[in-house]
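The values are calculated or read from the model by the stated rules, or taken from the named source; none is laboratory data. Computed from a predicted structure; not experimentally measured. Heads up, the Cβs are rebuilt from the backbone with ideal geometry, glycines too, and the neighbour counts pull from every protein chain shown.
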């Protein structure tokens, strides 16, 4: 390798290293997914860390070996061995089929366990009462309905800290995805069905919520704040919402559901009964029944989730949506 | 009347954006320029006879690759525009709808009109030469495949200036892509651009399977095939199982949009989730279709430039076959968040992880091919080595994504974007570049300039990491894909870094174009036909290969037949007994390919605008072409006499 | 084999180095094409099965589909498969005239099948079941219609083959075409059996 070329390589390497270091220093520790504020996000982070460690068992040696081999067996290094015919070794091949298999088996076991554990429709075990929020994706804003309190909001939610929240999700728009990274992973919101997602905030704070699946022109404006507060503040907030001059009626919903570029956060002091169910069943004719996909009744147990999932293939599962 | 024309024109042509007017002007100027040059130098006849109507696999391959490079430019410009828009918070460089069109066309162009033709270009150029054949099994069908691709690509790209581009994402999930939410014609361009070129891909898949199964040189058993040919076989097999699903999916979406059917609509009992399942049942195998040939390229380059046999040949073949099979059982990992239940998610999570095993094995085999080798570092090898860390890290993030509950936190975020760009650029693009540099001398008879090539290489790699590493982080910070504006100042630093990286890659592309242009004028000729001291049959003949490829088909004894032959010659043993030259049977050029492509284009264009008066003649034209071919096929061949072959060979070998 | 110098150039039609029997290639290529067609139909069947419940409160298959006409269609198509087989047998004995007659009979049976299918579709449309009615009917018409389009294409293809045989007689090339066509025709028959059982019998029963 010529001197000039080597300096080029070195320059490139140092440039990359520099940029990487800058990136990591530029705010490590502030990334939402890596800073969970709720039990679901925390478990998901554990799982991410386990995965990274398991992968690193292979990845790190591979990167090192790559460098060493490429360096040592460069043609200009006349000291190195040269065995042009050597192309097979049962032992070596067994090793590198074997190790990944073992790691994948371990990872698979972990994943299967966590998949059941973190099934989004599974309620979070807690002594405290669950809060239910019904979520509707509209073009291009989120409507949140608090059925128990009889209020609704647009593009903002307030939840009590340390209490499980059950989100029921649907869409009156193209398929969307509902994501609050600091509290836990996302789930799709789809027309004609109701999905369930259970999350909980462990400490008060304002968390970032966003739409994650593209729904058209002004999709970028579908972000919202999640305010986790103490129980007392939560009750105050409910009271405040009830004072709001705006009310959600079937008519004002009709107006709201029309595409609009950007909506500021808004509170509604009342909601009509069963509006969420009407949105879910909007496209269904008589005889078709409401399909609860990936969700079910509030007191759902692990067992009933897997009962549904034994449909084994998601196509079949989705077909039942037509309620035949 | 004038008013009506004006109104029609403003609907028909895309208007309103200065960027688009600029593009319009440059398209018109470029077209005029090409027409002028062709007319001035009286090259129309040459273009038609030597290129457009050719059925020679080598020329078709070159046309594919030329198209792929043009499309890489188009998709790259899209990418750079997106990154410009996302460089700073609340920027207003692109309007939301324009941004949405650009990310859609970026994805579609890069996969369907860049990666696929690049791949078929390499298939075409290399496979017949590598297996000692004179052409593919069905040379006319091969030309037709190319013209279907060309018709589809032109139709899709036309949406940029006529009618408006699709804007529902590269896989266009309904109901967003249905008429309810997307009444314009952009989505119709999407359907027909993909449908027409997809039929071409399907035909190519069939063609290469038959070529590989039936046309290998005597003595070349399946387990003596070069690894690139194996990868083509695996990819083609995957194509014939996956692409029919795409064809039907596009057909059903078309039925919904054109006839008002209810497959994927919200009303009428339709089921949009069905589309998502179907499109990924094609879409997941598709990513393996494009990456397997890249694996094939690496297997060739790594053995050649380490000057050592490929390590673990049988394992490599087995791994590839396993990958193509399992790729059909992982599709649902693209939508773990659909709520299919824990068991479904667990199943697809595990199948996805399993794919990592054979892929990892291949990496080890490449590494141990280099172990105790004599590695030299010309550009094809540099791309090969750069591939390993890029793909290993991309593979790791892939495994992270496969863990279903963790995927809930990665899905649709920039983490995912970074992952698939890392494997698609680090795997597919690096692989195809390695292949292009490696076989370029075989295609054209001269080598690409190494100095400019190394500049391009380093810029690509540096830009690549600067662009995509920050995207992992910004994804972990909650930034989702497909947003046209971001406001969060926390994302600023990472986004600007990513944009800078994109510009560096753009610069790298400029270097590559400069490299090609420079090398055309300052040719480093490949006089031996074996410029890399390589191992497989394609390097045993002259560069560029004569139209009949092999004057006499060699008898194959081992995997690296050409390497062994050189060894035998070096030891002073008897060289190949090639036997005597016989008249060579060749297919004639055919105009039906390009004409049929044109009719497909007309039919597609008519259906895009619901103009049956245009679509029906288009389809009649297609059937007329099929009839014409059926009636004339038996006359479409000729023999090259022995004397001519001998003359050509003498000229190529530089001796009489 | 290919290198053997024993073969003179007058035999190059079959034995020249690097020249492979084109009929052999075409037959394999066509088999692979049929594989892709199987996948296409499987996708359509899967769609039909998923959407069969999606009648959206409208007419169901059991309401409108009539099994009697279908039995006649089935009979026509199965017979045509048989006659196309007979045509191939005649071809192997080099009986051009017989072969063409059997092919024409095959074509007529196929046309009869299509006539019944078009009639059935018109009847259904008259009864108020169209592509736009519901997901069930969309998938019904698309699945059955795709098979119908295959049969139509087959008919035109056969006409072209008959014309070529009349003009050029039985050569390796035209023989190959008949063989491949008959393969295609049997394939359509097999698809129809699935259609009959999954679409008609399961809906009506």
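Summary table
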quantity: Options B:302, B:392: the member that is facing chain A (nearest Cβ under 7 Å) and either on the phi < 0 side of the Ramachandran plot or at pLDDT 95 or above (or both); calculated: B:392
quantity: Which numbered condition residue A:183 fails, given (1) more than 30 Å from residue A:115 (Cβ to Cβ); (2) touching a helix residue (DSSP H, G or I) at 6+ places or on another chain (Cβ under 7 Å); calculated: (1)
quantity: Residue A:124 more than 7 Å from chain B (Cβ to nearest Cβ), assigned to a helix (DSSP H, G or I), in contact with a helix residue (DSSP H, G or I) (Cβ under 9 Å, 6 or more places away or on another chain) and modelled with pLDDT under 95; calculated: no
quantity: Some residue of the range C:102-125 being under 30 Å from residue A:281 (Cβ atoms), facing another protein chain (nearest Cβ under 7 Å) and surrounded by 15 or more Cβ atoms within 10 Å (Cβ to Cβ); calculated: no
quantity: Among (1) in contact with a strand residue (DSSP E or B) (Cβ under 7 Å, 6 or more places away or on another chain); (2) more than 14 Å from residue A:137 (Cβ to Cβ) - the single one residue A:202 does not satisfy; calculated: (1)
quantity: Lone qualifier among B:624, B:633 - being closer than 27 Å to residue C:164 by Cβ, more than 10 Å from chain C (Cβ to nearest Cβ) and either out of contact with any strand residue (DSSP E or B) (no Cβ under 6 Å at 6 or more places or on another chain) or in contact (Cβ under 8 Å) with a residue 60 or more places away in the chain (or both); calculated: B:624
quantity: Qualifying residue in the range B:369-376 (condition: more than 9 Å from chain A (Cβ to nearest Cβ), touching a residue at least 60 places away in the same chain (Cβ under 8 Å) and either outside any helix (DSSP H, G or I) or buried (at least 24 other Cβ atoms within 10 Å of the Cβ) (or both)); calculated: no
quantity: Tally, over the range A:31-49, of residues that are at the interface with another protein chain (Cβ under 7 Å from one of its Cβ atoms) and outside any helix (DSSP H, G or I); calculated: 1
quantity: Qualifying residue in the range B:584-592 (condition: within 30 Å of residue B:547 (Cα to Cα) and part of a helix (DSSP H, G or I)); calculated: yes
quantity: Residue in the range C:157-165 that is touching a helix residue (DSSP H, G or I) at 6+ places or on another chain (Cβ under 7 Å), assigned to a helix (DSSP H, G or I), farther than 22 Å from residue C:130 by Cα and touching a residue at least 60 places away in the same chain (Cβ under 8 Å) present; calculated: yes
quantity: Residue satisfying condition, being modelled with pLDDT of 95 or more, over 29 Å from residue B:628 (Cα atoms), in contact with a helix residue (DSSP H, G or I) (Cβ under 7 Å, 6 or more places away or on another chain) and buried (at least 22 other Cβ atoms within 10 Å of the Cβ), within set B:208, B:112; calculated: B:112
quantity: Test: residue in the range B:258-268 that is more than 11 Å from chain C (Cβ to nearest Cβ) and part of a helix (DSSP H, G or I); calculated: no
quantity: Test: residue in the range B:451-472 that is in contact with a strand residue (DSSP E or B) (Cβ under 7 Å, 6 or more places away or on another chain), within 30 Å of residue B:124 (Cα to Cα) and more than 11 Å from every other protein chain (Cβ to nearest Cβ); calculated: no
quantity: Residue match in the range B:122-130 (condition: under 30 Å from residue B:541 (Cα atoms), over 19 Å from the mean Cα position of the chain (by Cα) and more than 14 Å from chain A (Cβ to nearest Cβ)); calculated: yes
quantity: Residue in the range B:73-91 that is surrounded by 15 or more Cβ atoms within 10 Å (Cβ to Cβ), outside any helix (DSSP H, G or I), under 28 Å from the mean Cα position of the chain (by Cα) and touching a residue at least 12 places away in the same chain (Cβ under 8 Å) present; calculated: yes
quantity: Yes/no for residue A:52 being out of contact with any strand residue (DSSP E or B) (no Cβ under 8 Å at 6 or more places or on another chain), more than 8 Å from chain B (Cβ to nearest Cβ) and without any contact (Cβ under 8 Å) to a residue 24 or more places away in the chain; calculated: no
quantity: Filter result for residue A:177 (touching a helix residue (DSSP H, G or I) at 6+ places or on another chain (Cβ under 7 Å), within 11 Å of another protein chain (Cβ to nearest Cβ) and under 30 Å from residue B:174 (Cβ atoms)); calculated: yes
quantity: Count - residues of the range C:160-205 that are at the interface with chain B (Cβ under 10 Å from one of its Cβ atoms) and loosely packed, with under 14 Cβ neighbours inside 10 Å; calculated: 5
quantity: Residue within the range C:147-158 that is within 12 Å of chain B (Cβ to nearest Cβ), surrounded by 17 or more Cβ atoms within 10 Å (Cβ to Cβ) and closer than 21 Å to residue C:93 by Cβ present; calculated: yes
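Residue-by-condition table, conditions (1) surrounded by 23 or more Cβ atoms within 10 Å (Cβ to Cβ); (2) within 12 Å of chain B (Cβ to nearest Cβ):
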{"residue": "A:162", "(1), (2)": "no, no"}
{"residue": "A:166", "(1), (2)": "no, no"}
{"residue": "A:171", "(1), (2)": "yes, yes"}
{"residue": "A:183", "(1), (2)": "yes, yes"}
{"residue": "A:191", "(1), (2)": "no, yes"}
{"residue": "A:238", "(1), (2)": "no, no"}
{"residue": "A:246", "(1), (2)": "no, no"}
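Rundown of residues vs (1) more than 9 Å from chain B (Cβ to nearest Cβ); (2) under 30 Å from residue A:41 (Cα atoms); (3) part of a loop (DSSP other than H, G, I, E, B); (4) within 44 Å of the chain's Cα centre (by Cα), yes/no style:
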| position | (1), (2), (3), (4) |
| --- | --- |
| A:69 | no, no, no, yes |
| A:79 | yes, no, yes, no |
| A:82 | no, no, yes, no |
| A:92 | no, no, no, yes |
| A:95 | no, no, no, yes |
| A:100 | no, yes, no, yes |
| A:104 | no, yes, no, yes |
| A:107 | no, yes, no, yes |
| A:111 | no, yes, no, yes |
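Table: residues versus (1) more than 30 Å from residue B:355 (Cα to Cα); (2) at pLDDT 95 or above; (3) in the same structural domain as residue A:208 (by TED's automatic domain parsing).
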{"position": "A:11", "(1), (2), (3)": "yes, no, no"}
{"position": "A:20", "(1), (2), (3)": "no, no, no"}
{"position": "A:33", "(1), (2), (3)": "no, no, no"}
{"position": "A:57", "(1), (2), (3)": "no, no, no"}
{"position": "A:82", "(1), (2), (3)": "yes, no, no"}
{"position": "A:87", "(1), (2), (3)": "no, no, no"}
{"position": "A:100", "(1), (2), (3)": "no, no, no"}
{"position": "A:108", "(1), (2), (3)": "no, yes, no"}
